[in-house]
Amino acid sequence: MEWSLLGPEIYGILFLVAIVAGFIDSIAGGGGLLTIPALLSVGVSPVQTLATNKLQAVGSSFSASLYFIRRGVVDLRSQRFAIVMTIIGAVLGALLVQFMSPDFLRYLLPVLVIMIGLYFLLVPNIGAEDRRHLLGPIAFGCLAGCGIGFYDGMFGPGTGSFFALSYVMLCGYNLAKATAHAKVLNFASNIGALGFFILGGQILWLVGVVMLIGQMIGARLGASLVLSKGKKLIRPLLVTISFLMSIKLLYDHHGETLRSWLAFYF
């Protein structure tokens, strides 16, 4: 799909969508709620959409990660093992998805995302301040890094939220610190999975690069608010994005059933 098939105005719209998605994604995750439908709506095939979305998502996670590292919020040395295990998990997930259907994840994911939203909604003090960690770096890397990285390589939606929740629950980080570290692992998993999409030749490079630039701009703006506003901004946005993501996933995979129920009762 070349420039002439989409037109400059479509690229402009996708660029603006990417800015908003990068802003949201750097704070609470869920930027794919905007970018994936946007790509599909302009005629990009589902496979090319997933591949191109992974490329432009690298922009958001890289921009936010770089900002947090430069501000001294994330110590890369302490996260080296988790980063390596996340990349390994993402590579394994991207390999496995080529040989099996991830349908079971489509049914399970809305429930998991709703649980994340309810957790942060009903436990108001969670992530207010640092607590005692439950797992050391190696155990965390093997469990959360590799496990969530595997999920991201295989499927993807909600990865940032899962990483943030893991840092809060398993490492005892406050919510702002957890969000900063989550973006670093999210970037690692994006890089790990992106290689296989490149090898598959499904990426629309011009579209992906335009949206990647937009994601970097939006993520930089969002990352600065994470440190300045902290929990006051992250918690309500995380809860909202979790519920919106759940509704979208339920509609995407059970839309016909939901429409039948509504037609029956109303």
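Want the number for Ile13 to Leu135: 0.36 nm per residue separation, take away the alpha-carbon distance, what's left?
Extending this stretch completely gives an extra 39.6 nm.
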Task: Ranked packing of 70-80, 199-209, most packed first, by mean Cβ within 10 Å - done: 199-209, 70-80
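Here, each number is a calculation from the coordinates, and none is a lab measurement. Please read these numbers as outputs of a predicted model, since none were measured by experiment. All Cβ positions, even for glycine, are placed from backbone atoms using ideal geometry, and neighbour counts span all protein chains on display.
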